[in-house]
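K.L.:
Please see the structure below; I have some questions.
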Amino acid sequence: MPIQRELTGGLRVIVEPLPHTYSASICCMVGVGSAYEQAAQSGMAHFVEHMLFRGTPQRPNSKALVETIEGVGGIIDAYTSLESTVYSAKVAHVHVYRAIDVIADMLQHSLFRDADVEKERRVIIEEISQTADTPAELVHLLSDAAVWGDQPVGRDIAGSAATVQQFRRDDLHAYWQTHYTRQNMVISIAGNIDVDAVLTYVEQAFADLPATGRGVWVPTTAARSGPQVQVHALESEQVHFCLAVPGLSMYDPAKRAMMVFDAIVGGNSTSRLFQEIREERALAYTIGSYSREYVDAGKWVVSASVDADAIDETIQAVMQVLREVRQQGVTAAELEQVKEQVKGGIWLSLEDSMSIALRNGSHLLRYGQVIAVDDVIAEVARLQLDDVIQVAERILDATHMHLTLIGPVANTETLLAQLHMDVPAGA
């Protein structure tokens, strides 16, 4: 069971001993991401994340910093999301204090040298350009923009070349100092560790953190109305598409039913969409759906890549599956099978120290507590057919449906005509 402590100045720490493992993982979850950025700041949280790998007085460059972990066979990484920035390291358990020391050093003592800012600016612009040149990735960003418009949930977390070009060293440094504080951070550690010794070490290692400060969440405004079709022309053999609708927030009481709905419709290879589009019609190598839940919004997306000549038939078939789910619901057999899939997936996702540290830390940052795995599984087990049907009725609403495509699409009117939830008379 995880052990929670609040250290000096409000720094939250959660530690879970796993004596059966040979590893130890630390995750530092900072309560800042792209959803805290105004339009002119778009990409700043992500830029700061990159800068913290550029060196400290103790480890003056990226190589020295990373080598401290990788040199003992460990892994160090970071990512920025809408709501948080996460720094993590996984090592053999005998090196846990080394991992804590490196993460603490990065988060408190990074140098933010002007030369490093310019280097990282070029790296990030290349990262943005790489995504722009990868249609299978780009279509998801364009889909977000189509649904949400110019607000954080509709923008690339990395920002744009234009915004990244404008950031100055002092802006980035001030952003770091404002958000990387004791009250805005969770330290999560899991593995084969001595809990008391680790807590004492964390208290010392993070002693230089500012005590207070946090940014302002930018509230999400309503999604754009639909149905809409947006095409980004590209000469290619395939068309990449996302069919997106607003989903549920992370606090919505129906979020467990949403997990099951997603799994039944498109979440895996036994789902209705995969069976119809891949197995029965052979229109795509793969097709799937995913749900994302944020603080005050969410999205549900169906995506695939298909031959350009097959796009009309594919969208028609996708919409047919969605209409059947909305009008007829799901079967008791589907519900019971997917309940077991979801439960098994939850258990399997917690196989190692890193996955446990990430889960504990993200829960504490998001909800102020860790929701027990058994409680989540019990919630899933209690779901009834009506719970899933109600989610389908909420999500599958053509008035908020957006189809985004990249490729050689000739006729958008035919596609737009498919974006409805009405069942033809006599069907």
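The values are calculated or read from the model by the stated rules, or taken from the named source; none is laboratory data. Everything numeric in this text was worked out from a predicted model, so none of it was measured. In this analysis, Cβ positions are derived from the backbone assuming ideal geometry, glycine residues included, and neighbour counts consider all displayed protein chains. Each accessible area value is taken on the protein alone, full model and side chains, heavy atoms only, with ligands, DNA and RNA left out. Shrake-Rupley method; radii C 1.70, N 1.55, O 1.52, S 1.80 Å.
K.L.:
Out of segment 109-128, which residues are assigned to a helix (DSSP H, G or I), among the aliphatic types (A, V, I, L, M) and out of contact with any helix residue (DSSP H, G or I) (no Cβ under 8 Å at 6 or more places or on another chain)?
P.N.:
Matches in segment 109-128: 115 only.
K.L.:
Also: So in segment 341-364, with the set limited to residues that are open to solvent by 40 Å² or more (accessible area, probe 1.4 Å) and touching a strand residue (DSSP E or B) at 6+ places or on another chain (Cβ under 7 Å), which one is farthest from residue 420 (Cα to Cα)?
P.N.:
352
K.L.:
I've got another one for you. If you go through segment 149-163 one residue at a time, how many are assigned to a helix (DSSP H, G or I), among the hydrophobic types (A, V, I, L, M, F, W, C) and under 20 Å from residue 32 (Cα atoms)?
P.N.:
Qualifying residue count for the region: 1.
K.L.:
Follow-up question, since we're still on this one. Going by the structure shown, is residue 263 hydrophobic (A, V, I, L, M, F, W, C), part of a helix (DSSP H, G or I), farther than 16 Å from residue 306 by Cβ and touching a residue at least 60 places away in the same chain (Cβ under 8 Å)?
P.N.:
Details: hydrophobic (A, V, I, L, M, F, W, C): yes; part of a helix (DSSP H, G or I): yes; farther than 16 Å from residue 306 by Cβ: yes; touching a residue at least 60 places away in the same chain (Cβ under 8 Å): yes.
It is true that residue 263 is hydrophobic (A, V, I, L, M, F, W, C), part of a helix (DSSP H, G or I), farther than 16 Å from residue 306 by Cβ and touching a residue at least 60 places away in the same chain (Cβ under 8 Å).
K.L.:
Could you go through segment 45-55 and let me know if any residue there is within 24 Å of residue 125 (Cα to Cα), of a type outside the set (Lys, Arg) and open to solvent by 30 Å² or more (accessible area, probe 1.4 Å).
P.N.:
Yes, because at least one residue in segment 45-55 is within 24 Å of residue 125 (Cα to Cα), of a type outside the set (Lys, Arg) and open to solvent by 30 Å² or more (accessible area, probe 1.4 Å).
K.L.:
Now for a separate question. Given the options 150, 114, 144, name the one that is under 25 Å from residue 215 (Cα atoms), in contact with a Gly (Cβ under 7 Å, 6 or more places away or on another chain) and either touching a residue at least 24 places away in the same chain (Cβ under 8 Å) or of a type in the set (Ser, Thr, Tyr) (or both).
P.N.:
Of the residues listed, the single one that is under 25 Å from residue 215 (Cα atoms), in contact with a Gly (Cβ under 7 Å, 6 or more places away or on another chain) and either touching a residue at least 24 places away in the same chain (Cβ under 8 Å) or of a type in the set (Ser, Thr, Tyr) (or both) is 144.
K.L.:
Right, next: Do we find a residue being within 19 Å of residue 342 (Cα to Cα) and open to solvent by less than 30 Å² (accessible area, probe 1.4 Å) anywhere in segment 378-387?
P.N.:
Looking for residues that are within 19 Å of residue 342 (Cα to Cα) and open to solvent by less than 30 Å² (accessible area, probe 1.4 Å), one finds at least one in segment 378-387, hence yes.
K.L.:
Considering only residues that are in a loop (DSSP other than H, G, I, E, B) and of a type in the set (S, T, N, Q), look in segment 25-44 and name the one that is most open to solvent (accessible area, probe 1.4 Å).
P.N.:
38
K.L.:
For the subset of segment 307-333 comprising residues that are of a type outside the set (A, V, I, L, M, F, W, C) and open to solvent by less than 40 Å² (accessible area, probe 1.4 Å), which member is farthest from residue 409 (Cα to Cα)?
P.N.:
Checked segment 307-333; the qualifying residue farthest from residue 409 (Cα to Cα) is 329.
K.L.:
Among the residues of segment 294-306, is there at least one that is surrounded by fewer than 19 Cβ atoms within 10 Å (Cβ to Cβ) and either among the hydroxyl-bearing types (Ser, Thr, Tyr) or free of Cβ contacts under 8 Å to residues at least 12 places away in the same chain (or both)?
P.N.:
Initial filter on segment 294-306 (surrounded by fewer than 19 Cβ atoms within 10 Å (Cβ to Cβ)): 295-296.
Then keep just the ones that are either among the hydroxyl-bearing types (Ser, Thr, Tyr) or free of Cβ contacts under 8 Å to residues at least 12 places away in the same chain (or both); that gives none.
So far as segment 294-306 goes, no, none of its residues is surrounded by fewer than 19 Cβ atoms within 10 Å (Cβ to Cβ) and either among the hydroxyl-bearing types (Ser, Thr, Tyr) or free of Cβ contacts under 8 Å to residues at least 12 places away in the same chain (or both).
K.L.:
Right, here's the next one. Restricting attention to segment 130-140, does a residue exist that is open to solvent by 30 Å² or more (accessible area, probe 1.4 Å), touching a Cys at 6+ places or on another chain (Cβ under 9 Å) and at pLDDT 95 or above?
P.N.:
Yes, some residue in segment 130-140 is open to solvent by 30 Å² or more (accessible area, probe 1.4 Å), touching a Cys at 6+ places or on another chain (Cβ under 9 Å) and at pLDDT 95 or above.
K.L.:
To continue, here is another question. Based on this model, can you work out whether residue 152 counts as farther than 30 Å from residue 207 by Cβ and surrounded by 22 or more Cβ atoms within 10 Å (Cβ to Cβ)?
P.N.:
So residue 152 fits the description; yes.
K.L.:
Hey, could you check segment 268-293 for residues that are small (Gly, Ala, Ser) and free of Cβ contacts under 8 Å to residues at least 24 places away in the same chain and say which is surrounded by the most Cβ atoms within 10 Å (Cβ to Cβ)?
P.N.:
Out of the qualifying residues, it is 271.
K.L.:
Can you find a residue that is modelled with pLDDT of 95 or more, surrounded by fewer than 20 Cβ atoms within 10 Å (Cβ to Cβ) and in a helix (DSSP H, G or I) anywhere in segment 70-89?
P.N.:
Scanning segment 70-89, I find at least one residue that is modelled with pLDDT of 95 or more, surrounded by fewer than 20 Cβ atoms within 10 Å (Cβ to Cβ) and in a helix (DSSP H, G or I), so the answer is yes.
K.L.:
Got a number for residues in segment 56-69 being outside any helix (DSSP H, G or I) and either open to solvent by less than 40 Å² (accessible area, probe 1.4 Å) or among the hydroxyl-bearing types (Ser, Thr, Tyr) (or both)?
P.N.:
Here the count works out to 2.
K.L.:
For segment 248-260, how many residues meet the condition of being surrounded by 23 or more Cβ atoms within 10 Å (Cβ to Cβ) and in contact with a strand residue (DSSP E or B) (Cβ under 8 Å, 6 or more places away or on another chain)?
P.N.:
Number of matching residues: 2.
K.L.:
So how many residues does segment 164-174 have that are touching a residue at least 40 places away in the same chain (Cβ under 8 Å), part of a helix (DSSP H, G or I) and open to solvent by 10 Å² or more (accessible area, probe 1.4 Å)? Quick ask: steps written out before the conclusion?
P.N.:
Filtering segment 164-174 down to residues touching a residue at least 40 places away in the same chain (Cβ under 8 Å) leaves 164-169, 171-173.
Among the residues that remain, those that are also part of a helix (DSSP H, G or I) are: 164-166, 169, 171-173.
If we keep only those that are open to solvent by 10 Å² or more (accessible area, probe 1.4 Å) as well, we get 165-166, 169, 171, 173.
Residues that pass the stated criteria total 5.
K.L.:
State whether one or more residues within segment 380-392 are modelled with pLDDT under 95, over 22 Å from the mean Cα position of the chain (by Cα) and among the acidic types (Asp, Glu).
P.N.:
Among the residues of segment 380-392, not one is modelled with pLDDT under 95, over 22 Å from the mean Cα position of the chain (by Cα) and among the acidic types (Asp, Glu), which makes the answer no.
K.L.:
Another question, if that's okay. So residue 338 passes all but one of these: (1) open to solvent by 40 Å² or more (accessible area, probe 1.4 Å); (2) modelled with pLDDT under 95. Which condition number does it fail?
P.N.:
With respect to (1) open to solvent by 40 Å² or more (accessible area, probe 1.4 Å); (2) modelled with pLDDT under 95, residue 338 is out only on (1).
K.L.:
Given 195, 216, 231, which one is among the β-branched types (Val, Ile, Thr), more than 25 Å from residue 82 (Cβ to Cβ) and surrounded by fewer than 16 Cβ atoms within 10 Å (Cβ to Cβ)?
P.N.:
195
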